[in-house]
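A.B. asks: If you scroll down you'll find the structure; I have some questions about it.
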Amino acid sequence: MPHTRHPATLLDLRKGEEAILDRIDLPADVSQRLMELGFLPGSRVAASFRAPGGGPRVYRVDGTEVALRSETAACLHLRPSPPEGTATSS
Amino acid sequence: MTRPVVLPALEVPPPSAGPSRARVVAVVGPPNSGKSTLFNRLTGLRQKVANFPGVTVEQHLGKLKIEDAVELDIIDLPGVYSLTPRSEDEQVTHDVLMGRMPGVPKPDTILLILDVTNLGRHLVLAAPILALGLPTLVVLNMADELERRGGDVEAETLAQRLGAPVALISAATGEGYDTVLQFLRGRIGVPRPMELLPTLSDLPRCREWAAKLGEAANYQAPAPPIWTRRLDGVFLHPVAGPLVFLVVVVAVFQTIFTAATPLMDLVDRAVGASGAWLGAVLPAGALRQLLVEGVWAGVGSVVVFLPQILLLFLFIGILEDSGYLARAALIADRTMAKVGLQGKSFIPLLSAYACAVPAILATRTIENKRDRIATILIAPFMTCSARLPVYTLIIAAFLPEKPLVGPFLGTRAAALLGLYLLGFLAAVGTARVLKSSVLQSERTPFVLEMPPYRRPTLRGLGLRLLDRAKVFLQRAGTVILGMSIALWVLAHVPLKDGAAPQIAESFAGTIGRVVEPVIAPLGFNWKIGIGLVSSLAAREVIVGTLGTIYGIEGDETGKSLQEALRHDLTPAGAVALLVFFAFAMQCMSTIAVVRRETGGWTWPIVQFTYMGVLAWVGAFVAFRVVTAFLA
Ligand SMILES: Nc1nc2c(ncn2[C@@H]2O[C@H](COP(=O)(O)OP(=O)(O)OP(=O)(O)O)[C@@H](O)[C@H]2O)c(=O)[nH]1
Ligand SMILES: [Mg+2]
């Protein structure tokens, strides 16, 4: 893999960046809930605001906004990005 | 532009064979999709509506009368994302739908409420609901918002594909509402499905199915809510966010003291004038005394606080209806994480500022059992509105108003703020102890959907205040009135040579004297003791009780309640009393609801004892420290 910045999980996304979700590495009931909220493998997720002081971050997924703690975001793995790159700002 | 009413052009079934008329209708849908708004419109009731997910946490039954004296049972339910329950509130929806909820009839018809601004994701729920095989109307709600943000959908096409009638409505404005009534009257036929339902356990497949349906119905997703992004840019800004929060909180407390005062004076004068009038027109005797000293002085001294309480509820209403509450939970998550809870616990805690009872019910949305119990146990520490009269009365009696930060924050508002903070600290401190001992559990993920900001409507806020005023006056007319009368009687017996005794010698006085040894170290005398005993029923009763006692003692001298208090309490005792009220669990309704929600007497007894001990020790320390400080 190239050594450019390459977000591996949702936690690595900076505000405004988006990427494709690959898999959720969490217990079944939690990942089920996340999938119900739109975090399905293959879906596009964009990072949005973060609570002041390093709290949870808001992610835009499937037409809605969902807040996740860092520890949870770190368990949502992203698809290695295709050539067109990682960052598109909105 | 008005949208056409959506009647799928289909075979309307013959009257006999068609879908039999609905009898028991369940209102189902994802959280925050507008179920309760529609329920209220259907039944004329006023279930709580607010802009965050998880408002409704138990089933509510209402009636809808449709033609020829047929009455339907309508059931409002907690929001669900699927039919696999993961928290207590979702369990309720599941049980009601399956006909397993004791005392609730099994629904034979479903209104599935989906937020049309987010159709793709919400439509996923249609799969398991339609699979139940009950007559179902798919209600696409928030048509007004869809239109405003430039989205569109062809409801008829969707209905045909889905095999269920679809109505595009706005529960808030009433647009398209007629279709819902038509459906309930059995006037809308059911199309044959064109798409087979997907395998329910396969979520990605369900989502694809929903996307395909949306595409077929030419669904144009609305433009993103620009205002929500703009506002979040401020409210979640690393610097501006907390600053705005602080300014708002301070402004709220300052207004509670300043803006409410003229209104409170007005009520006070009305109570005083009507009491004086009664005293003048009634013949002298026991009845007049009971009414003037017992009822007017007792109930009146509590009713005075109505404007203040309404003001508090106005602020809470704005907070809840706008959608800021979910952001507050987000901001609080870090603090909550430190004590072992999660941001979701913060939503019940915030609603505990109004009253602990609904707050304890609201903990049903917390998936983790131990987190839920911990939140139930700490909720009564949050400063509920029943404490407000006690706090303001004592603060106003002992603390002169002086500006601290110009006109923006005065001493009294600051003291009140301090008491709210004290309650909050007791709550998080207790949570920390619980979560690192008996209620230890794995950290559960914090997952919270952020609703878009919405403008609170005058009507919505007005109705909230009206309901609140009703509840408050009802309490004044029942609990407080009853206690005032009982107390007045207890203060006049046993008769001595046919005349009423001194209060100190009466039964009421005896009660006070019995508890006096316990509370004397806190700086309270027997009169405060009577107040404390009576406030076990509800906190604000102490204000009424003291009003009655001083009303009897007053003998027309017209000493105000505040003056009388200054006579009976030292400043150190006043601080101790405030601390006592901050910590003690003096509320029968809270005890009852904790027993119900935890399924036994253990937790409420533990909680009552713990809070009582903390209150005594806290008040003792406060009394000693302040006495030493002032000496
Ligand atoms: N613009 C618009 N807002 C609506 C409409 N219907 C409901 N709302 C708003 O949506 C929010 C949620 O409404 P509720 O009726 O409480 O939703 P609910 O589905 O009962 O929510 P839960 O009980 O939490 O599951 C409130 O702020 C309502 O004012 C509508 O048709 N249009
Ligand atoms: Mg509701």
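A.B. asks: Hey, among B:279, B:272, B:317, which residue is closer than 28 Å to residue B:464 by Cβ and assigned to a helix (DSSP H, G or I)?
C.D. replies: Values: B:279 fails: closer than 28 Å to residue B:464 by Cβ; B:272 fails: closer than 28 Å to residue B:464 by Cβ.
The conditions single out B:317.
A.B. asks: If you don't mind, another one. Just a yes or no: is a residue in the stretch B:102-113 at positive phi and either part of a helix (DSSP H, G or I) or modelled with pLDDT of 95 or more (or both)?
C.D. replies: Checked against the condition, which is being at positive phi and either part of a helix (DSSP H, G or I) or modelled with pLDDT of 95 or more (or both), the stretch B:102-113 yields no hits at all.
A.B. asks: Go through the stretch B:581-619 and count every residue that is open to solvent by 60 Å² or more (accessible area, probe 1.4 Å) and part of a helix (DSSP H, G or I).
C.D. replies: 13
A.B. asks: Within the stretch B:137-177, track down each residue that is over 19 Å from residue B:455 (Cα atoms), open to solvent by 10 Å² or more (accessible area, probe 1.4 Å) and under 31 Å from the mean Cα position of the chain (by Cα).
C.D. replies: Selection gives B:168, B:176, B:177.
A.B. asks: Moving to a separate point now. Scan the stretch B:437-449 and tell me whether some residue there is within 16 Å of ligand 1 (Cβ to nearest atom), within 14 Å of chain A (Cβ to nearest Cβ) and either of a type outside the set (Val, Ile, Thr) or surrounded by fewer than 20 Cβ atoms within 10 Å (Cβ to Cβ) (or both).
C.D. replies: yes
A.B. asks: May I ask you to say which residue of B:217, B:259 is more than 14 Å from chain A (Cβ to nearest Cβ) and over 30 Å from residue B:403 (Cα atoms)?
C.D. replies: Checking each option against the conditions leaves just B:217.
A.B. asks: I'm trying to understand the selection: among the residues of the stretch B:230-244, which are closer than 30 Å to residue B:389 by Cα and within 9 Å of another protein chain (Cβ to nearest Cβ)?
C.D. replies: Of everything in the stretch B:230-244, just one residue is closer than 30 Å to residue B:389 by Cα and within 9 Å of another protein chain (Cβ to nearest Cβ), namely B:242.
A.B. asks: If you don't mind, another one. Of the residues that sit in the stretch B:281-332 and are away from ligand 2 (no atom under 16 Å from the Cβ), in contact (Cβ under 8 Å) with a residue 24 or more places away in the chain and within 14 Å of another protein chain (Cβ to nearest Cβ), which one is farthest from residue A:57 (Cα to Cα)?
C.D. replies: B:324
A.B. asks: Among B:388, B:377, B:416, which is the only one that is at pLDDT 95 or above, away from ligand 1 (no atom under 16 Å from the Cβ) and not in a loop (DSSP other than H, G, I, E, B)?
C.D. replies: B:377
A.B. asks: Then there is this: Among the residues of the stretch B:138-149, are any away from ligand 2 (no atom under 16 Å from the Cβ), in a loop (DSSP other than H, G, I, E, B) and either more than 27 Å from residue B:460 (Cα to Cα) or hydrophobic (A, V, I, L, M, F, W, C) (or both)?
C.D. replies: no
A.B. asks: Before we move on, is residue B:107 in the same structural domain as residue B:180 (by TED's automatic domain parsing) and either within 11 Å of ligand 1 (Cβ to nearest atom) or free of Cβ contacts under 8 Å to residues at least 60 places away in the same chain (or both)?
C.D. replies: Taking the combined requirement at face value, the residue does not satisfy it.
A.B. asks: Then there is this: Among the numbered conditions (1) closer than 18 Å to residue A:62 by Cα; (2) in the same structural domain as residue B:132 (by TED's automatic domain parsing), tell me where residue B:228 comes up short.
C.D. replies: (2)
A.B. asks: If you don't mind, another one. Report yes if residue B:425 is without any contact (Cβ under 8 Å) to a residue 60 or more places away in the chain and more than 21 Å from residue B:619 (Cβ to Cβ), otherwise no.
C.D. replies: Against the criterion (without any contact (Cβ under 8 Å) to a residue 60 or more places away in the chain and more than 21 Å from residue B:619 (Cβ to Cβ)), residue B:425 does not qualify.
The values are calculated or read from the model by the stated rules, or taken from the named source; none is laboratory data. All figures in this text were calculated on a predicted structure; none of them were measured in a lab. Cβ: placed from backbone, ideal geometry, glycine included. Neighbour counts: every protein chain shown. Protein only, heavy atoms only, side chains kept; ligands, DNA and RNA dropped before computing areas. Shrake-Rupley method; radii C 1.70, N 1.55, O 1.52, S 1.80 Å.
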